[in-house]
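The values are calculated or read from the model by the stated rules, or taken from the named source; none is laboratory data. It should be emphasised that the depicted structure is a prediction, and the values quoted were computed from it without experimental measurement. Neighbour counts run over all protein chains shown; Cβ positions are idealised from the backbone, glycine included. What goes into the accessible areas is simple: the full protein's heavy atoms, side chains included, and nothing from ligands, DNA or RNA. Shrake-Rupley method; radii C 1.70, N 1.55, O 1.52, S 1.80 Å.
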Amino acid sequence: MVEEEQKHEVDDAYVLPDLSATTPAGGRVRALPPVTLVARYLDTVDLRLARAGASLRHRRGDDLPWTVKLPTSTPGVRHEISRPGPVGQPPPELVELVTALHRGAPLAPVTVVRTVRHAHEVCDRAGTVLAEVVDDRVTVLDDAGATTGAFRELEVELKAGDRTLLDRIGAVLREAGARGGTFVPKHVRALGAAAQAEPDLVAPAGLPADPSAGDVVTEAVRKEVRRLLAHDPLVRLHAPGGGGDSAVHQMRVACRRLRTDLRTFAPLVRKSWSRSLRAELRWLADVLGAARDAEVLRDRLRRTATADPLSPLDPGAVDRLDAALAERQRLALAAVHEALRSPRYRALVDALVLAARAPRLTRRAAAPAERALPGLVARPWRQLTGPDGVHALDPLAPDDRWHTVRKEGKQARYAVNAVVPALGKGPRRLARALARVQDVLGEHQDAAVAADTWLALAAGRPDDHELAVTAGRLAERERETVRRMRARFPAVWHRATRRRRTRWLP
C-alpha cells in the first residue's frame, strides 16, 4: 500500500476551518468520533530507521497493529505495510523488510507516542472517502508513561482522491493559519534531533563545478547503491520497481552497473577493496538473474503467442508452457528470498553502505575528471569496436557471438553513462545512441533465449503433441525476430559511431 499525505503544524488555539468547500459537487465532510492511539516505535540504538525516513511500530487498537513505513523518492509518499501480531513481537516479515536499514542490529522500543485524533472524511456524492483530514494532539511518553513532550499537527491523507484535492485541502488549512512545512513523521519529532541526523546511507549529491575523477566515481557508486537498497524491500514484497520494471530487475541492474563502474574505473579505486565487492555483487546478480529471466520469459510468452491474431496458437498449450515457467519463477524467487535473509547478504549491505560513504580511492582519483575519465571509458569502447567485438558480427554468426557483443555493449554504455554528469554533451549523445543499440541487441538475445526455451520445455514432455507444435510455432516467431534484429543492427550501430558522438574519446 502506498500512503500519500501532507502534514501541517498548528498551535493549541488553531480552529479547524470548514472543509465543505473542498468537496466535489454533492459531496460532504463527515466527522468521526475521536479516538486515542498509542504507538510504540522500534529502532536500533542509533536510530537507523528513523534517520532513513522509515519506521516500525505497534499501534494498539488497529486490526493490523504492526506497521512498517518505507520512504519513497517523493516527500510525503511512503510504502505502508501492516501485519497482525502480539505486542512485543514484531512479525519477522516486517523486520526483514527493513534489513537494508538495520543491517542486523537489534531493534528495541525507542519511543511511545499517544495521539488523540479527531478525523474528518472528505466524501463525494456517493459517499466514497476521497481524503481524510485528522487533527492530532500528540503526547510523547517515556517508559514509565510520563509525558516528555507534546505537539499538535494536522495530517491530510489521500484515499480515493487525487493530488489536486490534497493540495486544495492544504490551501484551506493554511489560509486558516496552519503552517505547511517539511514532512516529519510523528516519531521523528518525538525522538528529536538525533532522529533527524544524516542517514547511514549517503545519497548522491551531484558533482561540484570542477569535479575530480574520484568525485565521479563516488557519485556513480552512491547512485547504484541507493538504487539497489531502495529496491530490497520491494523485492521482498514482490512489488513493482517503478518505470514499468520489476523490483528484481532494478536490483539486478544496480548490481551490474556497480560492478561495471568498479571495473571501468579500476585505476581509481583500490584493487583489494573493489575485487571483493565485485565478487559479492556478482553473487547477488546471479541469484536475481534466474528470477528475472523467468519473469522476462513469462511476459514474452504471452506477447509472442498473441503477436499474430490471424494465426492463433493453442491456448491450452500456451498455458502449460506458462505453468512450467511459473514454477521456475517460484523456485528462483525462493532462492532470492533465501539469499536476502542470509548473513552473506547482510555483510554485503554493510559493505555497500560503507562504499557509498567513502569509496576506497587511489591517488589517481584526484586528477580532474575531464582529463582522467575519457581514457578509462575508451577501454570498454575499444573492446566493443575492436576486431573481436562488433566487427566479428555478421548475419550468420552464432547467437553466442551476438550475446557477447551485447554484453560488451552494455559495459561500454554503463561506462559512458557514468561520466555524463561530468563530461556533458559528447557522452550524453553516445549514451543515447548506445541505448538504441542495446535495445536491438537485447531484443535479439531475448528472442534467441526464448526460442530455445520453448523447444526445451516441449522436449521435456515428448507425449504432449499439441505442446510440441505450439512450441515450434513460437520458436519460429522468435527466430524471425532474431533475423529482424540482425538486419536492423547495422543502421543503429552506424548512427552510434558517428564522429560527433565519439570525438571526445581518445
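Before moving on, here are some points about what is shown:
- Within segment 1-27, the set of residues being surrounded by 15 or more Cβ atoms within 10 Å (Cβ to Cβ) and of a type in the set (Ser, Thr, Tyr) comprises TYR14, THR22, THR23.
Conditions tested, residue by residue: (1) open to solvent by 40 Å² or more (accessible area, probe 1.4 Å); (2) over 14 Å from THR264 (Cα atoms).
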site	(1), (2)
ALA351	no, yes
LEU361	yes, no
PRO368	yes, yes
GLY375	no, no
GLN383	yes, no
GLY389	no, yes
LEU393	no, yes
PRO398	yes, yes
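- Matching helices (runs of 4 or more DSSP H) fully within segment 198-306 where at least 3 residues are farther than 21 Å from ALA335 by Cβ, open to solvent by 60 Å² or more (accessible area, probe 1.4 Å) and in contact (Cβ under 8 Å) with a residue 40 or more places away in the chain: none
- Flag for THR128 being open to solvent by 30 Å² or more (accessible area, probe 1.4 Å), farther than 20 Å from TYR14 by Cα, of a type outside the set (D, E, K, R) and in contact with a strand residue (DSSP E or B) (Cβ under 6 Å, 6 or more places away or on another chain): no
- Inter-residue pairs, beta-carbon under 6 Å, first outside any loop (DSSP other than H, G, I, E, B) and in segment 78-101, second of a type in the set (Gly, Ala, Ser), 6+ apart: LEU101/ALA52; LEU101/ALA54
- Top-ranked residue of segment 174-197 - restricted to ones that are open to solvent by less than 40 Å² (accessible area, probe 1.4 Å) and among the β-branched types (Val, Ile, Thr), ranked as farthest from HIS118 (Cα to Cα): VAL188
- Test: ARG51 is open to solvent by 30 Å² or more (accessible area, probe 1.4 Å), basic (Lys, Arg), free of Cβ contacts under 8 Å to residues at least 24 places away in the same chain and under 13 Å from HIS187 (Cα atoms): no
- Taken as a whole, segment 179-193 holds no residue that is over 30 Å from ARG341 (Cα atoms) and over 33 Å from the mean Cα position of the chain (by Cα).
- First in segment 110-131 and of a type in the set (Lys, Arg), second anywhere and part of a loop (DSSP other than H, G, I, E, B) and open to solvent by less than 40 Å² (accessible area, probe 1.4 Å), Cβ under 8 Å, 6 or more apart: ARG125/GLY27
Matching residues to (1) modelled with pLDDT under 95; (2) on the phi > 0 side of the Ramachandran plot; (3) touching a Cys at 6+ places or on another chain (Cβ under 9 Å); (4) of a type in the set (Asp, Glu):
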{"position": "MET251", "(1), (2), (3), (4)": "no, no, no, no"}
{"position": "THR260", "(1), (2), (3), (4)": "no, no, no, no"}
{"position": "ARG263", "(1), (2), (3), (4)": "no, no, no, no"}
{"position": "LEU281", "(1), (2), (3), (4)": "no, no, yes, no"}
{"position": "ALA291", "(1), (2), (3), (4)": "no, no, no, no"}
{"position": "LEU301", "(1), (2), (3), (4)": "no, no, no, no"}
{"position": "ASP319", "(1), (2), (3), (4)": "no, no, no, yes"}
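- Residue within segment 159-175 that is farther than 29 Å from ARG357 by Cβ and in a strand (DSSP E or B) present: no
Each row is one residue, and each column tells you yes or no for (1) open to solvent by 30 Å² or more (accessible area, probe 1.4 Å); (2) in a strand (DSSP E or B).
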{"position": "PRO109", "(1), (2)": "yes, yes"}
{"position": "ARG114", "(1), (2)": "yes, yes"}
{"position": "VAL134", "(1), (2)": "no, yes"}
{"position": "VAL138", "(1), (2)": "no, yes"}
{"position": "ASP143", "(1), (2)": "yes, no"}
{"position": "THR148", "(1), (2)": "yes, yes"}
{"position": "ARG152", "(1), (2)": "no, yes"}
{"position": "GLU157", "(1), (2)": "no, yes"}
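- Residue list for segment 279-298, filter: more than 20 Å from the chain's Cα centre (by Cα) and either of a type outside the set (A, V, I, L, M) or closer than 15 Å to ASP245 by Cβ (or both): ARG298
- Residues of segment 307-317 satisfying the condition of being among the small types (Gly, Ala, Ser), assigned to a loop (DSSP other than H, G, I, E, B) and surrounded by 13 or more Cβ atoms within 10 Å (Cβ to Cβ): ALA307
- Residue in segment 161-173 that is surrounded by fewer than 17 Cβ atoms within 10 Å (Cβ to Cβ), of a type in the set (Lys, Arg) and modelled with pLDDT under 95 present: yes
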